[in-house]
Amino acid sequence: MGEYPCTLWTGRFSRVPVLRFHAEAVVTKDSSLRKVGERYHLSYKMVHTDSRLIRDILSAHGFQEAQANSKNVNLLWTGTHVKSYHLRNLSSFQKINHFPRSYELTRKDRLCKNIQRMQQKHGIHKFNILPQTYILPGEYQDLCNALSKDRGFWIVKPVSSSRGRGIHLINSPSQISMEENILVSKYISNPLLIQGYKFDIRLYVLVTSYEPLIIYLYEEGLTRFATVKYDQTARNMKNDFIHLTNYSVNKKSRDYVSCDDPEVEDYGNKWSMSAMLRYLRQDGTDTVALMSQIEDLITKTVISAEGSIASTCRSLIAHRGNCFELYGFDVLVDEKLKPWLLEVNLSPSLGCDAPLDLKVKASVISDMLTLIGVECRDPHQMHEKESSTPYENPIQRYTRQHSATGNGIGLQRQLSATYKSTEVLAGRRAKSAGTSSSTQGLSQEEMRILQRVREEEDRRGGFIRIFPRHDTWQLYGPFLENKTSLNYMLASQLFTDRPQANGKGVISPTLHAALYERRLEPLLSRRARPCGIHRPVSASAAQDPKEMEKEVEDPAKHKEQDGDQSCVIPSLSGNTNEQHSRFNLLVAMKEGANLSKSQARLVFSCNLQRVKSRLQTDQHLPNEDERLELVIRFLKRAASNLQQSLHISSPGRSVPLLERRRLLAKQLGDFIHFYNQETLHMAVTEERSDRQGQEVNQVDFQAFLADASESELEEVVTFYILKNKSASVFVRTENSANCRDPRRRQNSIPATRSNSEKQQPVLSNRYANCRLPVT
């Protein structure tokens with residue numbers, strides 16, 4: 001297969017190959033990328049759309065376009081809402097790019113009503129994401145009353161149009177035409193400007209499931225500028241090139257500027273979102289807070305329609321996993337850095353009129369197709385409709401099978417209340433499980449869902465899961481209208497610990513927001529990543545956009561750190577071991593390379609994470625009590641020197657061994673969380689100061705962390721201590737902590753330690769000799 005591995009594995013109990021897509025395929029036309037698709041006779045069909053980009057990506061990976069009346073397809077791509085008979089007749093391996101009732105989000109009137117319903121239920125301040133809006137003709141009188149109080153601009157939009165068609169500004173009811181259903185919203189008159197021009201952001205949001213709800217946001221988007229500098233005077237009210245940011249409108253302006261260089265992302269009337277964020281950061285804007293608010297807006301918008309879409313999915317979708325949806329969110333930011341939702345697009349434009357369009361949209365589509373898991377199955381052999389659907393319990397299945405004779409209707413009515421109460425009890429049971437990491441008691445369907453989400457995380461590419469996430473589940477879980485046991489199950493299984501900066505699939509909110517400022521790698525210079533196909537981010541890169549621009553894809557294999565099965569990339573010949581040269585950090589340090597303080601702490605943190613992972617296993621080891629006692633001593637000593645208070649409890653030996661290990665793993669996870677937060681602050685300080693010596697390349701360093709064994713990490717920590725003759729960077733001494741905090745200086749007691757203790761961290765060589773090895 002050369003340097004392009006094209007298959008990954010999926011499934012907990014049965015290993016099924018899924019196709020991995022490469023964005024560069026649309027420009028390289030590499031024939032090796034077609035072999036998997038041609039071998040399995042993969043095919044697709046397009047309905048009511050003719051996206052050239054979709055055709056090019058699929059064709060470059062060996063897909064053939066099926067006949068219009070054929071049902072033997074792996075992927076059905078449609079530009080309109082899905083008919084119910086299409087959904088009911090899908091096989092388990094077939095994918096379709098829409099959920100039923102997606103118009104609850106994409107029709108402007110339905111979107112408005114859903115958000116207004118959430119405002120009435122939870123308070124306007126919690127769902128203040130849409131400008132004040134009226135739906136006409138029903139709310140015409142309310143609009144007139146509002147206009148009499150506010151003579152500013154209002155914006156008129158047809159409820160089901162796109163590309164800026166029919167949109168115009170008004171400041172009087174007499175200017176409204178009542179010939180069709182329209183929306184009238186308060187015009188945001190104080191937009192954030194860049195060089196005097198108004199702009200909006202097109203974001204790509206992927207939903208892979210509504211039950212349980214799973215939302216991803218792509219780390220790159222497009223910033224679209226108006227072509228005339230902003231002016232809110234009444235004489236320019238009808239100038240669309242000032243007030244509208246739609247590309248379809250502004251490309252007709254004689255002032256429109258296009259850029260022919262895909263690597264220049266901040267020139268002309270269309271920028272990348274990351275370039276816009278980097279520009280704002282240089283101007284002093286808190287872009288981390290801005291992106292956190294945008295994530296909040298997106299999550300609340302999807303949740304507003306989650307209940308109705310999820311209930312429809314249960315009745316129409318044949319198999320869980322058939323549907324996925326890529327939405328185009330249009331967001332406007334005002335001068336107070338508050339994002340406002342403009343609209344949600346059902347089928348966001350995939351036109352590539354400029355090289356930047358191709359780079360961004362090809363990356364979005366290829367990463368999306370990889371994430372959803374297009375199975376490598378011959379549709380001509382595998383198109384067999386299953387007799388039951390995973391959405392049904394046995395009662396529902398019996399009802400459906402007998403409904404054709406009319407015998408099932410009465411039974412459905414009699415048992416519906418019973419089933420509903422059973423579902424509520426299941427939800428309470430899953431909720432009461434708290435953060436337990438055990439999968440005991442889960443059904444086969446729940447196990448499949450959990451495995452699917454974990455595999456999606458491995459294949460996510462540039463997509464970032466914004467819900468459910470450790471912090472977002474706590475914030476938005478109460479807003480869910482479809483509170484099923486599956487949502488609670490997923491949360492209880494995924495979030496066993498606090499977020500960790502280096503954790504597998506769990507990234508702090510600060511790092512999440514920082515991901516959006518990285519520059520996408522050029523298509524022609526991309527190379528296949530082996531297994532960890534999401535782009536890693538370092539602590540220093542998260543704080544400095546210049547580091548993000550330098551950061552490229554991680555060439556190292558990604559290892560599971562929480563006991564999950566690692567995804568394997570086989571070639572067609574059956575060889576599952578891709579040969580890649582590994583960067584040896586210890587050798588580089590011996591040859592003169594230095595680690596920054598934050599890098600050294602990241603190595604130590606990664607080592608602690610390995611220790612925590614072994615504590616979570618059920619394996620019994622010799623001298624277990626002695627090993628656990630060493631971990632307790634380390635935690636008590638190290639936690640006392642954290643800037644943030646962390647209480648460490650010591651479970652006695654009367655506590656069962658497995659329970660002691662679980663408690664210590666939880667406390668060690670809490671320590672790592674706060675430890676990594678301090679490391680991030682240290683990275684910021686380093687960026688502001690001059691560094692000395694030859695530092696390790698950030699890309700090589702990230703590759704080492706992703707692939708290093710525990711012994712390799714310990715060797716690096718030990719060598720760093722010997723080379724610098726100090727271990728204080730890993731765990732600060734009491735003196736250093738007290739001197740930094742004036743509140744603790746009065747009660748500080750000088751610590752007396754031997755020279756040998758001062759030259760190594762609390763958990764370095766002595767811990768390495770007493771670690772919990774695999775016997």
- Note on the structure: Counting only residues 5 or more apart in sequence or on a different chain, those whose built amide H sits under 5 Å from that of Leu342 are Asp330, Val331, Leu332
- Note on the structure: Log entry: pair-distance distribution for the stretch 1-108, C-alpha pairs binned every 10 Å from zero, whole % per bin is 13, 40, 33, 13, 1
- Task: Taking every Cα atom in the stretch 80-146, find the radius of gyration and the maximum pairwise distance Dmax, and write them in Å.
- Result: 17.0, 54
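The stretch 254-312: percent of C-alpha pairs farther apart than 15 Å?
Working: 1127 of 1711 pairs.
Percentage above 15 Å: 66.
Write down the Kirkwood hydrodynamic radius of the stretch 34-158, to one decimal in angstroms, obtained as one divided by the mean of 1/r over all alpha carbon pairs. Mind dumping the intermediate values first?
Working: mean 1/r = 0.0546 Å⁻¹.
The Cα-based Kirkwood calculation yields 18.3 Å.
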- Item | ³J(HN,Hα) computed for each position of the stretch 327-341 - Karplus, 6.51 cos²θ - 1.76 cosθ + 1.60, integer Hz, glycine/proline x | 9, x, 8, 9, 10, 10, 10, 8, 5, 8, 6, 9, x, 10, 7
- Task: Order these peptides, 316-326, 66-76, by their mean beta-carbon neighbour count within 10 angstrom, highest first.
- Result: 316-326, 66-76
- Task: Rank by packing, highest mean first: peptides 165-172, 626-633, 651-658, with packing defined as the count of other Cβ atoms within 10 Å averaged across residues.
- Result: 626-633, 165-172, 651-658
- Query: If the chain between Asp378 and Leu646 were fully stretched, how many nm would it gain, using 0.36 nm times the residue separation less the Cα-Cα distance?
  - Reply: 91.0 nm
- Item | Extension gain, Ser84 back to Asp30 (0.36 nm per residue minus Cα-Cα distance, nm) | 15.6 nm
- Query: Arranged from highest to lowest average of other beta-carbon atoms within 10 Å per residue, in what order do the peptides 486-495, 249-258 appear?
  - Reply: 486-495, 249-258
- Task: Write down the Å³ per residue value for the convex hull defined by the alpha carbon atoms of the stretch 443-484.
- Result: 86
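Leaving ligands, DNA and RNA out of it, report the carbon-plus-sulfur percent of the accessible area of the stretch 73-184 at a 1.4 Å probe. Can you show the working numbers first?
Working: 2410 of 5100 Å².
Here carbon and sulfur together make up 47 percent of the probe-accessible area.
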- For the stretch 608-658, what size does the Cα cloud have along each of its three principal axes, sorted from largest down, in whole Å? 35, 25, 14
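Roughly to the nearest percent, how much of the accessible area of the stretch 238-330 is carbon and sulfur, given a 1.4 Å probe?
On the way: 1410 of 3220 Å².
Its accessible area is 44 percent carbon and sulfur atoms.
Let me check I have the definition right: for the stretch 283-330, take the eigenvalues of the Cα gyration tensor, multiply each by 5, take square roots. What are those semi-axes in whole Å, largest first?
Details: eigenvalues 207, 25, 11 Å².
Whole-Å semi-axes of the equivalent ellipsoid: 32, 11, 7.
If the viscosity is 1.002 mPa s and the temperature 20 °C, what translational diffusion coefficient in µm²/s does Stokes-Einstein give for the stretch 154-228 when Rh comes from Kirkwood over Cα pairs?
Details: Rh = 15.4 Å.
In µm²/s, the coefficient rounds to 139.
The values are calculated or read from the model by the stated rules, or taken from the named source; none is laboratory data. From a predicted model like this one, the values you see are computed outputs, not experimental measurements. Cβ coordinates were reconstructed from backbone atoms using ideal geometry, including for glycine residues, and neighbour counts include every protein chain displayed. These area figures cover heavy atoms from the full protein model, side chains too; ligands, DNA and RNA do not enter into them. Shrake-Rupley method; radii C 1.70, N 1.55, O 1.52, S 1.80 Å.
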